[in-house]
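One structure below.
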């Protein structure tokens with residue numbers, strides 16, 4: 001059966017029940033590869049360092065997945081399905097290196113080299129690269145803001161507080177947790193900084209594309225990308241929860257069916273803020 005994920009939800013209650021069913025089976029789904037694994041995937045190890053496959057200039061927001069619980073006349077959508085499909089079309093380069101191993105996961109025994117507020121760096125984005133600076137950090141997140149843009153201390157503090165108190169612990173409980181008994185794996189940390197990078201930059205202004213996760217980038221660092229205008233609005237936190245689910249889900253099963261991953265990302269918002 002083919003499911004058109006771009007179709008607007010005409011029966012929200014029914015769709016949400018389905019999403020909850022997907023969430024309840026997520027631990028089982030994440031433990032195996034999807035049945036529809038692409039046999040044409042590259043068998044050669046690939047260092048995706050710094051490469052983002054998928055150009056948002058080719059993305060039509062009307063085909064994106066609307067973030068849950070945003071009741072606006074204009075849609076706010078995730079471009080992750082588009083980025084994942086672009087990566088799949090290229091043969092899933094780097095996939096052999098993406099399935100997380102215990103040595104790649106965060107651990108209290110591992111030394112971290114975290115970002116420091118004020119640091120500057122260049123990061124790849126869809127269609128190129130930009131300069132960013134580290135605007136706010138906690139033990140598990142670094143907010144990287146496009147050079148020339150600023151976010152108020154109130155916005156940054158609220159985002160960091162919501163991340164630490166709700167988003168990160170909830171998402172790592174459901175989609176990436178080491179239970180210390182042989183079950184589960186801690187969240188990935190391939191770049192050894194013990195932080196998820198939230199790259200905040202101008203995508204297309206408020207509404208339309210709110211953010212994305214790029215699987216082609218996940219062998220280099222843990223990062224999600226959020227529109228500068230959207231992160232300051234009431235749904236900014238929902239974008240963070242949704243895209244973090246994509247990051248964690250991809251680490252456990254980079255072959256997952258797109259519709260299952262997207263359904264779980266919607267449930268992620270409910271688990272955090274529903």
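The values are calculated or read from the model by the stated rules, or taken from the named source; none is laboratory data. The shown structure was predicted, so the numbers you read here are calculated from the model rather than taken from an experiment. Neighbour counts run over all protein chains shown; Cβ positions are idealised from the backbone, glycine included.
Residues that are modelled with pLDDT under 95, under 17 Å from residue 171 (Cβ atoms) and buried (at least 20 other Cβ atoms within 10 Å of the Cβ) occur at least once in the range 221-241. Screening the candidates 162, 172 for the property of being within 27 Å of residue 85 (Cα to Cα), within 18 Å of the chain's Cα centre (by Cα) and surrounded by fewer than 19 Cβ atoms within 10 Å (Cβ to Cβ) yields one hit, 172.
In the range 81-90 there is at least one residue matching the filter, namely being surrounded by 11 or more Cβ atoms within 10 Å (Cβ to Cβ), modelled with pLDDT of 95 or more, closer than 26 Å to residue 172 by Cβ and in contact with a strand residue (DSSP E or B) (Cβ under 7 Å, 6 or more places away or on another chain).
Mind listing whichever residues of the range 105-147 are touching a helix residue (DSSP H, G or I) at 6+ places or on another chain (Cβ under 7 Å) and either at pLDDT 95 or above or part of a loop (DSSP other than H, G, I, E, B) (or both)? Within the range 105-147, 126, 127, 135, 136, 138, 140, 141, 143, 146 qualify. The residues in the range 196-220 that are in contact with a strand residue (DSSP E or B) (Cβ under 7 Å, 6 or more places away or on another chain), surrounded by fewer than 23 Cβ atoms within 10 Å (Cβ to Cβ) and without any contact (Cβ under 8 Å) to a residue 60 or more places away in the chain can be counted, and the count is 1. Residues being modelled with pLDDT of 85 or more, closer than 16 Å to residue 254 by Cβ and either out of contact with any helix residue (DSSP H, G or I) (no Cβ under 9 Å at 6 or more places or on another chain) or not in a loop (DSSP other than H, G, I, E, B) (or both) are entirely absent from the range 51-72. Of the candidates 264, 250, the single residue that is in contact with a helix residue (DSSP H, G or I) (Cβ under 9 Å, 6 or more places away or on another chain), at pLDDT below 95 and buried (at least 23 other Cβ atoms within 10 Å of the Cβ) is 250. Of the residues 157, 139, 192, the single one that is over 30 Å from residue 57 (Cα atoms) and free of Cβ contacts under 8 Å to residues at least 24 places away in the same chain is 157.
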